[in-house]
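Report on the following structure.
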Amino acid sequence: MTGAALSQIADPAACPRLVIKVGSALLVERGGALRREWLQALAGEISEARRRGQQVVVVSSGAIALGAARLGLSGGGRTSLADAQAAAAVGQIALAGAWDELLGAEGLVAAQLLLTLEDLEDRRRYLNASSTLARLLDQGAIPVVNENDSVATAEIRFGDNDRLAARVAQAAGADAVALLSDVDGLFDRDPKDPEARLVREVRGVDEAVRAMATGGSGSGMGSGGMVSKLEAAEIAGRAGIALAILNGTHARPLARALAEDKGTLFVPQRRDGGRKVWLGGRIAPAGVLTVDAGCAAALGAGSSLLAAGVVGVDGDFARGDLVTIHSAKGDRLAQGLVEYTAAECRAIAGRKASDQAALLGYAPRAAVIHRDHMVLL
């Protein structure tokens with residue numbers, strides 16, 4: 001999807017494959033009951049999309065909130081990791097059953113995929129997930145995806161379904177993502193401010209755009225906020241995937257947002273190749289390499305990362321792990337697969353190639369991170 005109109009989300013020529021993300025606050029009342037009429041209307045919209053020739057993937061939250069109500073857990077099931085995992089185990093059955101029933105009433109087949117962070121961080125498992133999504137879509141099914149919160153931990157998880165939706169869009173080869181939220185989109189300041197204005201189009205997430213976002217979930221049930229939605233837009237944008245933030249609190253939210261042309265559309269500014277899409281979308285780096293200004297400029301021009309430009313090493317990583325590259329000011333520049341362990345990086349940081357053999361005890365490799373295994377952020 002290369003245009004800059006929200007209406008293209010419903011155009012099968014511009015957007016043959018669409019990912020729709022639904023948050024907990026939209027699916028579940030505060031008391032833990034499913035918003036059945038709202039979900040039924042959304043199922044109808046998905047059916048309409050299928051009839052006009054679009055393939056649809058759903059990323060659905062709600063398992064923890066539903067399960068917590070059934071188990072009688074306080075705090076919506078988020079008081080502890082054990083509560084969240086137990087609530088998810090119970091709630092996922094109810095959530096999958098609701099989607100299966102309501103999509104089935106529209107003549108559609110629902111399929112459930114529960115993913116962990118590692119399923120999309122590991123290259124082989126990412127390709128397996130991609131293959132499964134492709135096959136389901138080819139067969140006309142509606143994949144309903146959620147994070148597998150019954151086994152996810154605080155350290156190994158997406159943390160919110162906004163980023164999961166963007167990663168699933170990459171794996172599915174989608175053209176656009178619609179994040180259904182409790183606000184109309186991104187505002188230039190706190191939406192509670194009467195002077196706040198809706199930002200209708202964003203071409204590239206920069207510091208000015210990030211400054212508009214405020215963290216946290218207004219409902220208290222979800223785990224995402226506007227910051228996570230901007231991160232999702234960046235992940236999707238690297239793959240040439242458009243992302244829209246739309247208000248999902250109304251009945252038939254897609255039709256309403258498109259009819260009123262109300263929402264924020266993030267127009268992608270690049271389209272990386274398949275492997276770099278996967279690399280750029282990974283969100284669990286094992287460490288950080290800080291580089292000097294000259295090195296930062298060279299990376300921007302397409303160079304590999306050489307040890308001479310490294311001025312700081314953080315983390316405990318092994319060869320082949322994902323690390324992020326930061327500027328001296330702390331800006332995220334790139335990430336990629338490192339050719340050395342953290343200890344080796346510390347030994348050769350700032351040193352020329354001619355000095356490295358003596359420090360390492362073997363001939364140095366061509367780069368700390370080769371440009372073929374690195375993606376600019």
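Only the coordinates and a few stated rules stand behind these numbers; no lab work does. Quick caveat, the model's predicted, so the values are computed rather than measured. Using ideal geometry, Cβ is built from the backbone for each residue, glycine included, and neighbour counts are taken over all protein chains shown.
For region 306-313, 3J(HN,Hα) computed residue by residue from phi via the Karplus equation (6.51, -1.76, 1.60; θ = phi - 60°) reads 9, 4, 4, x, 7, 10, x, 9 Hz, glycine and proline entered as x.
Rounded to the nearest 500, the 222 nm mean residue ellipticity of the chain from helices alone is -11000 deg cm²/dmol, with -39,500 (n - 2.57) taken per DSSP H run of at least 4 residues.
Around the amide H of residue 264, modelled in the peptide plane, lie the amide H atoms of 186, 245, all under 5 Å away and 5 or more residues distant in sequence or on another chain. Once backbone amide H atoms are built at 1.01 Å from N, residue 306 has 368 as its partners under 5 Å, excluding neighbours fewer than 5 places away on the same chain.
Between residue 17 and 55, 175, 176, the built amide H atoms are under 5 Å apart, and every one of these is 5 or more places off in sequence or on another chain. GNM on the chain, C-alpha springs below 10 Å: top fluctuator among 75, 107, 53? It is 107.
Kindly state, to the nearest 0.05, the FRET efficiency for residue 48 paired with residue 371, given R0 = 45 Å and r defined as their beta-carbon distance. Walk me through the numbers on the way to the answer.
Numbers: r = 45 Å, r/R0 = 0.99.
Calculated transfer efficiency: 0.50.
Residue exposure proxy: 9, 64, ordered by other Cβ atoms within 10 angstrom of their Cβ from fewest to most, comes out as 9, 64.
Cβ-Cβ distance of residue 74 and residue 37, R₀ of 25 Å, FRET efficiency by 1/(1 + (r/R0)^6): the value works out to about 0.35. A simple rule links phi to the HN-Hα coupling: the Karplus curve 6.51 cos²θ - 1.76 cosθ + 1.60 with θ = phi - 60°, which for region 268-278 gives x, 10, 7, 8, 6, x, x, 5, 6, 4, 4 Hz, with x for Gly and Pro.
Measuring nothing but how far apart in sequence close Cα pairs (under 8 Å, 6+ apart) lie, relative to its length, region 6-277 scores a relative contact order of 21 percent. Among 163, 365, 17, the largest mean-square fluctuation in a Gaussian network model of the chain, built with springs joining Cα atoms closer than 10 Å, belongs to 365.
Checking the a/c ratio against 1.5 first, then a/b against b/c, what shape does the Cα gyration tensor give for region 82-172? Note, shape of region 82-172 comes out oblate.
With q set to 0.07, 0.14 Å⁻¹, the log10 of I(q)/I(0) for the chain, from the Debye formula over equal scatterers at the Cα positions, is -0.33, -1.17.
The label-point distance for residue 255 and residue 82, in a model that sets each label 7 Å from Cα toward Cβ, rounds to 4.7 nm.
Placing pseudo-labels 7 Å out from each Cα toward the beta carbon at residue 331 and residue 360 gives an inter-label distance of 2.9 nm.
FRET efficiency for the pair residue 286 and residue 195, taken as 1/(1 + (r/R0)^6) with r the Cβ-Cβ distance and R0 = 56 Å, rounds to 0.85. With the simple spin-label model, which puts each label point 7 Å out from Cα in the Cβ direction, the residue 269 to residue 341 separation comes to 4.0 nm. Projecting the Cα positions of 92, 128, 108 onto the charge dipole of the chain (unit charges on Cβ atoms of Lys, Arg, Asp and Glu, taken about the Cα centre) puts 128 furthest along the positive direction.
Taking a ≥ b ≥ c as the square roots of the eigenvalues of the alpha carbon gyration tensor, region 98-138 is oblate, as a/c is not under 1.5 and a/b does not beat b/c.
For the residue pairs 229/262; 192/229; 276/329, the C-alpha atoms sit more than 23 angstrom apart in 276/329.
Post the alpha-carbon centroid distance, region 244-260 to region 292-364, in whole angstrom. Going from one Cα centre to the other spans 46 Å.
Please order 252, 124 by the number of other Cβ within 10 Å, starting at the fewest.
Values: 252 14, 124 7.
Exposure proxy ranking, most exposed first: 124, 252.
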